[in-house]
Amino acid sequence: MSDERNLLTLVFDENDEEECEVLTIFEVEDQEYIALEPLNEEIEDIYLYRYSEGENGEALLDEIETDEEYSLVVEAFESLFEDEEEEE
């Protein structure tokens with residue numbers, strides 16, 4: 001079993017950085033989203049963003065704009081992990 005992690009560093013407005021593990025990239029209504037878990041164990045949140053790739057394959061993240069969109073994304077994300085737990 002590989003212990004290799006797919007990591008991404010988020011840079012916030014105040015130039016604060018947070019290194020995160022990519023949990024998954026998934027699609028909801030023809031839009032891709034990314035779920036990130038901070039490596040800092042003091043932060044228990046999962047970050048969800050719109051996801052796309054730039055011309056050079058770099059990850060492009062964008063904020064989820066509405067509460068309705070966020071609710072749909074959370075529901076889809078949670079169902080992904082429910083499905084994985086059922087398979088185990």
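The values are calculated or read from the model by the stated rules, or taken from the named source; none is laboratory data. Here the structure is a predicted model, which is why all the values come from computation and not from measurement. All Cβ positions, glycine included, derive from the backbone under ideal geometry; neighbour counts span all protein chains shown.
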Among residues of the stretch 64-77, those that are assigned to a loop (DSSP other than H, G, I, E, B) and either out of contact with any Lys or Arg (no Cβ under 7 Å at 6 or more places or on another chain) or in contact (Cβ under 8 Å) with a residue 60 or more places away in the chain (or both), counted: 2
Failed item in (1) closer than 15 Å to Leu61 by Cα; (2) surrounded by fewer than 13 Cβ atoms within 10 Å (Cβ to Cβ); (3) free of Cβ contacts under 8 Å to residues at least 24 places away in the same chain, with Leu7 passing the rest: (3)
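Condition test on Tyr33, is it closer than 19 Å to Ser79 by Cβ, out of contact with any helix residue (DSSP H, G or I) (no Cβ under 7 Å at 6 or more places or on another chain) and surrounded by 15 or more Cβ atoms within 10 Å (Cβ to Cβ)?
Considered against the rule, which asks whether it is closer than 19 Å to Ser79 by Cβ, out of contact with any helix residue (DSSP H, G or I) (no Cβ under 7 Å at 6 or more places or on another chain) and surrounded by 15 or more Cβ atoms within 10 Å (Cβ to Cβ), Tyr33 comes out as no.
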Scope the stretch 30-45; condition farther than 16 Å from Glu69 by Cα and of a type outside the set (Asp, Glu); matching residues: Leu36, Pro38, Leu39, Asn40, Ile43
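Right, Phe81: touching a strand residue (DSSP E or B) at 6+ places or on another chain (Cβ under 9 Å), modelled with pLDDT under 90, not polar (S, T, N, Q) and not in a loop (DSSP other than H, G, I, E, B) or not? Quick ask: steps written out before the conclusion?
Values: touching a strand residue (DSSP E or B) at 6+ places or on another chain (Cβ under 9 Å): yes; modelled with pLDDT under 90: yes; not polar (S, T, N, Q): yes; not in a loop (DSSP other than H, G, I, E, B): yes.
Against the criterion (touching a strand residue (DSSP E or B) at 6+ places or on another chain (Cβ under 9 Å), modelled with pLDDT under 90, not polar (S, T, N, Q) and not in a loop (DSSP other than H, G, I, E, B)), Phe81 qualifies.
Take the residues of the stretch 36-66 that are out of contact with any strand residue (DSSP E or B) (no Cβ under 8 Å at 6 or more places or on another chain) and of a type in the set (D, E, K, R): which is farthest from Phe77 (Cα to Cα)?
Keep residues of the stretch 36-66 that are out of contact with any strand residue (DSSP E or B) (no Cβ under 8 Å at 6 or more places or on another chain), which gives 41-42, 44, 55-58, 65-66.
Right, trim to of a type in the set (D, E, K, R) and you get 41-42, 44, 55, 58, 65.
Details: Glu41: 21, Glu42: 22, Glu44: 16, Glu55: 26, Glu58: 22, Glu65: 17 Å.
Selected residue: Glu55.
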Strands (runs of 3 or more DSSP E) contained entirely in the stretch 1-57, each with at least 3 residues that are of a type in the set (Val, Ile, Thr): 17-28
